[in-house]
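Structure first, then comments.
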Amino acid sequence: MRLDRLLSNQNGISRQTARELLRQGRVRVDDQICHDGLRAISPFMQVCLDEDCLQAAKPGHYLMLNKPAGYLSATRDPQHPTVLDLLPAELRPQLHLAGRLDRSTTGLLVLTNDGQWSRQLTAPSAKLPKRYRVTTSEPIAEEAAERFAQGIYLERENLLTSPAELHLLAPCEALLTIYEGRHHQVKRMFHAVGNRVCGLHRELMGPLLLDSSLAPGKYRLLSTAEIQAVWAQPDPDHSAQRPAHVRLPAPE
Ligand code: URA
């Protein structure tokens, strides 16, 4: 919601008074004086008028999980355990997944209760890199890197994948970086070059790197710097309404 509307939604504050309060520097957003009535305010921001708190900041939760194989990237499922089963019960109802992995895929999964933040990370228009460590059943063909760079035709969607980078580590192991996230994309790309993925592990999503100290099934909270690094990505919606609740990272 816009700051001027939030103010004028308060009892007894007209739009004109709201403008005047902003001009006088009596309105603070996250402890900073704000004069801009058009500023977008998210539920995660605190808004004060003089000494009165008009909106308390809702706590934001930002987590990375090292997803083990066998868990569904879903919030509930009648048959299989879901990744939420690996998290504290009190957080589960609030969280959603910022991107998904197949049940057999392991590695970096990000969860949050902040929809605008997760959109920064997952919106197709953001085109953020996702890096996977891939193990294949057959040696990776020499021409695979070139084919992936040129784009692989996906019949179901009738489109070419955007250029991807393949870096060979061993005959049957490589790092693949893609900039989109179509259903089973990595498996389908390898299938298109006559191979089969038998191990898939996500290491990186945009500015977030899986913490190598996290054992499979373990999670940790993201640091302020990691949260801010996601906000620092270009706005995928090119929206003037983007919340500006970007505080400088606390020294770590
Ligand atoms: N590509 C796949 O095929 N599976 C995943 O889980 C992620 C990317």
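The values are calculated or read from the model by the stated rules, or taken from the named source; none is laboratory data. Given the structure is predicted, the values throughout are model-derived calculations rather than measurements. Cβ: placed from backbone, ideal geometry, glycine included. Neighbour counts: every protein chain shown. These area figures cover heavy atoms from the full protein model, side chains too; ligands, DNA and RNA do not enter into them. Shrake-Rupley method; radii C 1.70, N 1.55, O 1.52, S 1.80 Å.
Out of everything in the stretch 182-196 that is surrounded by 14 or more Cβ atoms within 10 Å (Cβ to Cβ) and of a type in the set (D, E, K, R), what residue ends up being farthest from THR135 (Cα to Cα)? So the residue we want is ARG182. Considering each residue of the stretch 198-216 in turn, at least one proves to be among the polar types (S, T, N, Q), open to solvent by 70 Å² or more (accessible area, probe 1.4 Å) and closer than 30 Å to PRO59 by Cβ. Listed by first and then second residue, the pairs with beta-carbon distance under 6 Å, at least 6 apart or on different chains, first residue in the stretch 116-144 and at positive phi, second within 15 Å of the ligand (Cβ to nearest atom), are LYS127/TYR179.
Look through GLY199, GLY217 and report the one residue that is assigned to a strand (DSSP E or B) and over 18 Å from PRO129 (Cβ atoms). On inspection, the qualifying residue turns out to be GLY199. Entry remark, the stretch 157-168: residues being in contact (Cβ under 8 Å) with a residue 24 or more places away in the chain and away from the ligand (no atom under 12 Å from the Cβ) number 4 in total. Cβ-Cβ contacts under 8 Å between residues 6 or more apart (or on different chains), taken from a first residue in the stretch 183-199 that is assigned by TED's automatic domain parsing to the domain that holds HIS167 to a second residue that is more than 8 Å from the ligand (Cβ to nearest atom) and of a type in the set (Asp, Glu), are listed as VAL193/GLU143; GLY194/GLU138; ASN195/GLU138; ARG196/GLU138.
The set of residues from the stretch 131-156 being more than 15 Å from ASN195 (Cβ to Cβ), assigned to a loop (DSSP other than H, G, I, E, B) and either basic (Lys, Arg) or within 14 Å of the ligand (Cβ to nearest atom) (or both) comprises just one member, ARG156.
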